[in-house]
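Only the coordinates and a few stated rules stand behind these numbers; no lab work does. Here the structure is a predicted model, which is why all the values come from computation and not from measurement. Because the Cβ atoms are built from the backbone with ideal geometry, glycine has one as well, and the counts that use them run over all protein chains shown.
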Amino acid sequence: MFLAGVIPGILLAIAYVVAIFLMGRLTPSYVGGRSADEMEWMSPMEIADKTLPTLVLIVAVLGGIYTGWLTPVEAGATGSLLGLIIAVFRKKLTLKTLWHALLETGHITASILFLITAASIYSRMLGLAGLPNELGDLLTDTRLTFFWIMFIYVLLMIFLGTILDTASIILIVVPLFLPLVEPMGLSLVWFGIVTVVGAEIGLLTPPLGISCFVIKATLNDPRISLKDVFIGAFPFALVMLVVLIALIRWPSLSLAILN
């Protein structure tokens, strides 16, 4: 699954770059108020100063996972430690700022956990009500084609993304559609990648777009409302949807690196 996610991840990154470039050219007010021609270009040293620390973190975290040296949990802890070390070397971290960072992390983590707890309660309520089983039986009885199965699958994930967290979405929809996908001889790795990308769209859609809540809490700027964050994230949700359609249409994009 990690290897299969490399090419879709690169596609998403390229799609984001293209979307930001087009928004900067066509609607500069949407991305900062100035056109690309009015903005000053950074020097190579400035670019390196801003990007190299991030690249080091990415290589350390993902490299540790892909090489098998670190588990995902250990990689997260390693990334946190490296972040602190980089902040110390860049002289951005003092005892006072460290204490504020710890407090802010606690506040953000608590708010996210409350959201996840509420979403988990809601998903359990759906399970107790028997809705997933009823829906699964309905889909099985209708004998839908591949197109309609994937159409309903994506639509359902986007809808659930407005009210549930990613983990709850996956726990609800995968057991419903897996019995429909397996007889078709489709790759379960491909199905897993489609599921992850589809569920992640819900992180950017209201009212329970957890990523948007995290951004709002991190910015801590009264001039920026939660509505502004959701509006700003909307084009990127559309970009993810376009990439998701491409991954469904061409499964080889997810499986090429495995061959």
Checklist outcome for this item: Distance in nm between Leu84 and Val17 label points, each 7 Å along Cα→Cβ, equals 3.4
Checklist entry - Tilt of helix 131-142 relative to the longest C-alpha principal axis of the chain, in degrees (0 to 90, nearest 10)? => result 60
Item to check | Spacing of the two label points (7 Å from each Cα toward its C-beta) at Phe159 and Leu3, in nm | outcome: 3.7
Checklist outcome for this item: So, relative contact order of region 95-258 in percent, Cα under 8 Å, 6 or more apart, is 24
Checklist outcome for this item: Which of [x] 0.98; [y] 1.15; [z] 0.91 is the computed Cα Rg over 2.2 N^0.38 Å? It is [y]
Item to check | For region 40-115, the fraction of alpha-carbon pairs in successive 10 Å shells from zero, as % | outcome: 17, 33, 37, 13, 1
Checklist entry - So for Asp141, Asp49, Asp228, fewest C-beta neighbours within 10 Å to most, what's the order? => result Asp141, Asp49, Asp228
Checklist entry - Using a Gaussian network for the chain with springs between C-alpha atoms less than 10 Å apart, which of these wobbles most: Ser211, Ser187, Ser29? => result Ser29
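Pairs on different chains or at least eight residues apart, Cα atoms closer than 24 Å: how many lysine pairs in the chain fit?
For the chain, qualifying lysine pairs total 7.
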Checklist entry - Which residue fluctuates the most in the chain, going by a Gaussian network model with Cα springs under 10 Å, if the choices are Gly185, Gly79, Gly130? => result Gly185
Checklist outcome for this item: Across Trp99, Trp69, Trp190, the residue with the highest GNM fluctuation in the chain (Cα network, 10 Å cutoff) is Trp69
Item to check | FRET E, pair Arg25, Ser111, Förster distance 25 Å, beta-carbon r, rounded to 0.05 | outcome: 0.10
Next on the checklist: I need the trypsin sites (Lys or Arg not before Pro) found in region 155-259, filtered to DSSP loop residues with at most 14 other beta carbons within 10 Å of theirs.
Outcome noted: Arg223
